[in-house]
1. Okay, helix-only estimate at 222 nm for the chain: each DSSP H run of n ≥ 4 adds -39500 (n - 2.57), divide by all residues, round to 500 deg cm²/dmol; what do you get?
2. To the nearest µm²/s, what D does Stokes-Einstein give for segment 178-229 at 20 °C and 1.002 mPa s, using the Kirkwood radius over alpha carbon pairs as Rh?
3. Taking the Cβ of Thr170 as the center, what net charge do the other residues with Cβ under 13 Å away carry, scoring Lys and Arg +1 and Asp and Glu -1?
4. What's the ranking of 84-91, 271-278 by average number of surrounding C-beta atoms within 10 Å, highest first?
5. Determine the principal axes of the Cα atoms in segment 55-137, then give the extent along each, sorted from largest to smallest and rounded to whole angstroms.
6. Can you list residues whose amide H is under 5 Å from Ser107's amide H, if they're 5+ apart or on another chain and H is modeled 1.01 Å from N?
7. Step through the table entries Lys31/Lys70; Lys62/Lys155; Lys31/Lys155; Lys105/Lys304; Lys103/Lys155; Lys31/Lys103, compare each Cα-Cα distance with 25 Å, and write down the pairs that go over it.
8. Pairs of Cα atoms under 8 Å, at least six residues apart: use those to get the relative contact order of segment 160-268, whole percent.
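Any read-out appearing in this document is the output of simple, stated calculations on the displayed coordinates, not a laboratory observation. Everything quoted here is computed from the prediction, not taken from an experiment. Because the Cβ atoms are built from the backbone with ideal geometry, glycine has one as well, and the counts that use them run over all protein chains shown.
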Amino acid sequence: ADVDAQAVFDGLIENEQRIEPRDWMPDAYRKTLIRQISQHGHSEIIGMQPEGNWITRAPSLKRKAILMAKVQDEAGHGLYLYSAAQTLGITRDEMMQQLIDGKAKYSSIFNYPTPTWADMGAIGWLVDGAAICNQVPLCRASYGPYGRAMVRICKEESFHQRQGFEILLTLMQGSEEQRAMAQDAVNRWYWPALAMFGPPDDQSPNSAQSMQWKIKRFSNDDLRQRFVGMLVPQAEILGITLPDPDLRFDEETGLYEMGEIDWEDFFEVVRGNGPLNAERLQRRRDAHEEGAWVREAAAEYARKQALRQSE
Ligand code: FAQ
């Protein structure tokens, strides 16, 4: 029977059809989706912190309202993604436990500090920009609930990216100090944003299989190229310098040549040793513990409702 099921699954993938929660799927496909979707959800939830840091200090009421809306969107994305992962047989409690125990991965990018207001611009422009490049192809991921969640998430990321660009544009039209602050933030976020796409293709153990299953549609390095191609003209409009003296477009290959990404730094951050890994996790743990009474109250309420209905 499994031979037939495998053939049906292979046929669906081959013909660009979607795999849905009740369909048979190989264990390894289920596992890799749980891995990627839960890591993605955790990134959104942890990713609320660097910007949450500036909500009380945003420079105007309008900026504060926009930033609050963006951080709320991130919470929403985390919840859609957890829901998508749950369709594969893992519970939200299990995922949250893995995160607060420090056993789950989340994007390296959220372990860097946000010391200035310009960081809100750089995060929107670079981090959300990288997220869009990575996620637009995921709208066509072979697993239905993941691909569909990505459609709405990408629309919201696109607004996030523009708001970051607009923060930087405003700063770049301001005083000397404001322009320096914007440039400094871009200098700090540029390289970590390039690393978000994951290790180089020859060091990316999951890529080949994920591409065969049509979860990933492009390799890590291909998406990094696209991202740089998107940034270059935008940087010109901003009047910001991308901090890579080796960056140049090679007419012959049609590719950007770039300086070397500091992969040792990246792997250190992924191993948990980045500047703010410990602080980010502790904050999440504290929030989880402080919310325990809400979860208990909701569970108790649900229990009483169920009792009443069975009477
Ligand atoms: N950080 O073999 P590969 C956002 C791990 S956007 C940490 O290439 P794969 C929006 C990888 O998990 C950010 N770990 O893996 C936002 C694997 O380890 P494992 C989230 C990383 O899966 C904006 C190992 O390295 N976006 O949140 C990273 O084929 C602003 C080997 O790597 C997503 O998660 C990294 N950067 O490709 C929110 C997108 N890169 O699991 C707030 C969905 C790699 O075997 C504010 N995910 N690793 O133990 C993906 O597209 C893929 O999972 C990749 C990695 C491309 C991230």
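1. Numbers: 14 runs with 198 residues, N = 311.
After summing the helix terms and dividing by residue count, I get -20500 deg cm²/dmol.
2. Approximately 171 µm²/s, per Stokes-Einstein.
3. That works out to +3.
4. Result, highest mean first: 84-91, 271-278.
5. Rounded to whole Å, the extents work out to 44, 29, 22 Å.
6. Correct list: Ser43.
7. Lys31/Lys70; Lys31/Lys155; Lys105/Lys304; Lys103/Lys155
8. 25 percent
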